[in-house]
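To start, the structure under review is shown below, and the notes come after it.
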Amino acid sequence: MTATAAGGPTAPAEHVVDIQDLHVSFATDAGTVRAVRGVSLQVAPGEVLAVVGESGSGKTVTARTILGLLPETATTQGAVLLTRNDGAATHDVTALTGNQLRSVRGRDVAMVFQEPGSVLNPVYPVGWQIMEGLRAHQDLTRAEAREAAIEVLRRVGIPEPEHRVDHYPHQFSGGQKQRIVIAQALVLNPGLIVADEPTTALDVTVQAEILELLRSLPRDLGSAVVLITHNMGVVADLADRVAVMYDGEIVEQAEVRELFTNAQHPYTRALLDAVPRIGTGGLRERHVPDESVTPVVEARDLRIVYPGRFREPDFVAVDGVDLTIRPGEVLGLVGESGSGKTTIGRAIAGLTPVSSGSLRVLGVELNGAREKHFRPARSRIGFVFQDPATSFNPLLTIAQCVAEPLVVHGRAGDPREARPRVDELLEAVQLPAAFGDRYPHELSGGQRQRASLARALALDPELLIADEPTSALDVSVQARVLDLFARLQAELGFACLFISHDLAVVDLLADRIAVLHRGVLVEEGTGEQVLGAPRHAYTQRLLASLPVPDPDEQADRREQWRSLR
C-alpha cells in the first residue's frame, strides 16, 4: 500500500487507477441527472480495459472523472485513486483542484479524444502543440522539447517527422491527426491512457493502423489503457478485460474471451447480437434486377475532376467508373475516405458536375445538363445525409424540416398544410407524430437519423441516396435503423445507392456491392462474390481491416492484415 497525495483511502500498488463506488450527477434546468451510479473499476499496469455501452450509458463521464475533466455542474461522490507515474504515491482525483490537476494530467494520465479536429489548434504547428505539454511539466529548452516532439511523432508512425513537426493540422489526413493526438498523450510517458472512441470517425483501414498503434502501448511502454467504445470488434481486437455499462451502472465485467463466449447479462448479449457480421444473411430478400428494364442510374466512363487552385494540379476524384442501378435494386458503394464514394453520390443527385463520360439519372443525361432540365427529376430523388444534426436547420422543428421538400416542390403550401403527410412519415419511421413538435437537438442520434429518413421519403422517391447513414450510431441503434431501412425499401420499392465504409452493414442491405479505390471501380458483384471471395488486393485489405466481435477470429484477421499491408 502507498500513501495518497490527497488523503483518504490508499490504493493497491498493483492498480494504476482504482475507482471506488463512483457517483456523478449533473444539475440541469429539468432537475438532477444521475449519470454514473456506484461504479467500481480497477486497471492494472499494462492492462487494456474496455468500457463499453451505448451513448448515455455513462462511460465517457466515468473516463473523464479520471482526469478531473467534469464541468462545474457535476457533483461527484466516491474515490478515483490514481497512482503516480513513478509509483511514489496515489491521488484521489476527485479531491484535486487547479494546479494539482494540471500536474497529474499528461504526466500520470493522458486522454486521446474522439475527434482530433476539435482537439488540435488549427493556428499552431503540431510540433508546437506537443512541445507545449512537454514544457509545462519539464524544464526543457526549446531545442530539447522539439527533439522530443520529433521522436514521439516518429514513434506513432508520422513519416518524415523532422519536417512534419512544423506542419499544421490541416496538412494531415484524418488518421495522421489521430496519431498526433496519441503522440500528445504519449509524450510524457503516462502510466494510464484514456482513449475515448479513438477510431469511431476513421475508415476501417486507417482504424486498423490506429489499433495496431494502441496495441503496442502496453507492450512497448507499459502504459495501461482505458478504452471507451461501442464497437465490439475493436474490443475483441484490443481489450484484456471488458466492463459493460448500462444506465450509469456496471452490469457485467469479464475477461474478454469469457465475455464474448459466455456473456451473462441480457444487455451484453443484446449488444453482441446487434453487431453486423459478414456472411450471416441479409435484412431483406435479395432483389434480382430485370436486365431489360431501363436503369434508374447508368454511368459509363464517368470522370469527375476538381480543378486545382493556386497552381495545384487538378484532382481526379472519379476516374472512368461504369455502374448501373436498376429499379428496386440496392447498390452498396464501399471504399475509404477519398475513394470517390460521396462524389459519385453527389453527382447522381445533381450536386456535383460531371467532367466527362456519361451519367444518366432517371432518364436525364447529367453531363452538360442545365439545371432546368434536371429540376423535374430532383423531386424523384431522396438523400439521407451522414450527420442529420448538421443537415437539419436547428431553428426549425422536426415537422418543419420533414415538410421542407413538400413545400419546395409545391406539394404543400406551407408546413402546416403538410403536417398530415409529415405525421404519416414520422409514424412510418417509428417516431411518434408528437416528435414533430420537437427541435433537432431534442432528439437522440438514432431518432434524428429516422427523421432524416422520413424527410428523404417525403416525395415518394424512385431513387434514394444514403451517404454513411449509420456510421455515427451505436450498434443497437444502428441495427434498428437498418431494420427500418430494409422494411421501408421492401414496402416502397425505391432503388438505392447505399454509401458506406462498413462492409458488414453493406452486406446486410445490398443486392450488389461496388468497391472504389482512389476513384477507380476495382471490383463489383454480389456480396458472396465480393466479400466471400474477393479478387482485388484492395478488397482483401478492406476485409482484413474490419474488426470482428470474436477475439480468436480477430487475432487471425490481424495476422492476415499484417501480411497484406
**Request:** Please determine, by comparing only the residues of the stretch 166-200 that are touching a Gly at 6+ places or on another chain (Cβ under 7 Å) and among the hydrophobic types (A, V, I, L, M, F, W, C), which one is surrounded by the fewest Cβ atoms within 10 Å (Cβ to Cβ).
**Result:** L188
**Prompt:** Just for the stretch 337-352: of the residues that are in contact with a Leu (Cβ under 8 Å, 6 or more places away or on another chain) and not basic (K, R), which one is surrounded by the most Cβ atoms within 10 Å (Cβ to Cβ)?
**Reply:** I344
**Request:** Residues that are more than 30 Å from R303 (Cα to Cα) and in the same structural domain as R416 (by TED's automatic domain parsing): find the helices (runs of 4 or more DSSP H) completely inside the stretch 431-521 holding 2 or more of those.
**Result:** 445-456, 475-492
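On the given criteria, is V244 touching an Asp or Glu at 6+ places or on another chain (Cβ under 8 Å) and of a type in the set (A, V, I, L, M)? So that I can check it myself, show each step before the final result.
Values: touching an Asp or Glu at 6+ places or on another chain (Cβ under 8 Å): yes; of a type in the set (A, V, I, L, M): yes.
Judged against the criteria, V244 is a match.
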**Asked** So which of R378, R326, R419 is among the charged types (D, E, K, R), closer than 27 Å to V481 by Cα, touching a His at 6+ places or on another chain (Cβ under 8 Å) and not assigned by TED's automatic domain parsing to the domain that holds T205?
**Response** R378
**Message:** Residues that are in contact with a Pro (Cβ under 6 Å, 6 or more places away or on another chain), closer than 25 Å to A537 by Cβ and assigned to a helix (DSSP H, G or I): does the stretch 167-185 have at least one?
**Reply:** yes
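Can L564 be described as outside the structural domain of G338 (by TED's automatic domain parsing), modelled with pLDDT under 95, buried (at least 18 other Cβ atoms within 10 Å of the Cβ) and not hydroxyl-bearing (S, T, Y)?
Against the criterion (outside the structural domain of G338 (by TED's automatic domain parsing), modelled with pLDDT under 95, buried (at least 18 other Cβ atoms within 10 Å of the Cβ) and not hydroxyl-bearing (S, T, Y)), L564 does not qualify.
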**Item:** Failed item in (1) touching a strand residue (DSSP E or B) at 6+ places or on another chain (Cβ under 7 Å); (2) without any contact (Cβ under 8 Å) to a residue 40 or more places away in the chain, with R346 passing the rest
**Value:** (1)
**Message:** For the stretch 296-325, give me the residue count where each residue is loosely packed, with under 15 Cβ neighbours inside 10 Å and either outside any strand (DSSP E or B) or out of contact with any Phe, Trp or Tyr (no Cβ under 8 Å at 6 or more places or on another chain) (or both).
**Reply:** 11
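Report yes if Q529 is more than 30 Å from L459 (Cβ to Cβ), modelled with pLDDT of 90 or more and outside any strand (DSSP E or B), otherwise no.
Details: more than 30 Å from L459 (Cβ to Cβ): yes; modelled with pLDDT of 90 or more: yes; outside any strand (DSSP E or B): yes.
Judged against the criteria, Q529 is a match.
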**Asked** Of the numbered conditions (1) modelled with pLDDT of 90 or more; (2) more than 30 Å from V475 (Cα to Cα); (3) in contact with a helix residue (DSSP H, G or I) (Cβ under 8 Å, 6 or more places away or on another chain); (4) surrounded by fewer than 18 Cβ atoms within 10 Å (Cβ to Cβ), H137 satisfies every one except a single condition; which is it?
**Response** (1)
**Message:** For L221, only one of the following conditions fails: (1) modelled with pLDDT of 90 or more; (2) within 26 Å of R142 (Cβ to Cβ). What is its number?
**Reply:** (1)
**Request:** Only residues that are buried (at least 19 other Cβ atoms within 10 Å of the Cβ), β-branched (V, I, T) and outside any helix (DSSP H, G or I): list them for the stretch 230-271, please.
**Result:** V242, V244, I250
**Asked** Which of (1) in contact with a His (Cβ under 8 Å, 6 or more places away or on another chain); (2) surrounded by fewer than 20 Cβ atoms within 10 Å (Cβ to Cβ); (3) modelled with pLDDT under 90 is the odd one out, the single condition V475 does not satisfy?
**Response** (2)
**Request:** Filter the stretch 381-417 down to the residues that are of a type in the set (S, T, Y) and in a helix (DSSP H, G or I), then identify the one that is modelled with the highest pLDDT.
**Result:** S391
**Matching option when the condition is hydrophobic (A, V, I, L, M, F, W, C), more than 22 Å from V16 (Cα to Cα) and either at pLDDT below 95 or within 17 Å of the chain's Cα centre (by Cα) (or both), among V235, V187, V204** = V204
**Prompt:** When you scan the stretch 42-114 for strands (runs of 3 or more DSSP E) that lie fully inside it, which ones turn up with 3 or more residues that are on the phi < 0 side of the Ramachandran plot and modelled with pLDDT of 90 or more?
**Reply:** 48-52, 74-83, 109-112
**Message:** List the residue pairs whose Cβ atoms are under 9 Å apart, where the first residue sits in the stretch 359-380 and is modelled with pLDDT under 95 and outside any helix (DSSP H, G or I), the second is polar (S, T, N, Q) and buried (at least 17 other Cβ atoms within 10 Å of the Cβ), and the two are 6 or more positions apart or on different chains.
**Reply:** N367/S355
**Complete:** Here the residues within the stretch 353-377 that are crowded, with 19+ Cβ neighbours inside 10 Å and under 22 Å from A458 (Cβ atoms) are V361, L362
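The values are calculated or read from the model by the stated rules, or taken from the named source; none is laboratory data. This structure is a prediction, so every number in the text was calculated from the model and none was measured. Here Cβ is always computed from backbone atoms with ideal geometry, including for glycine, and neighbour counts include all displayed protein chains.
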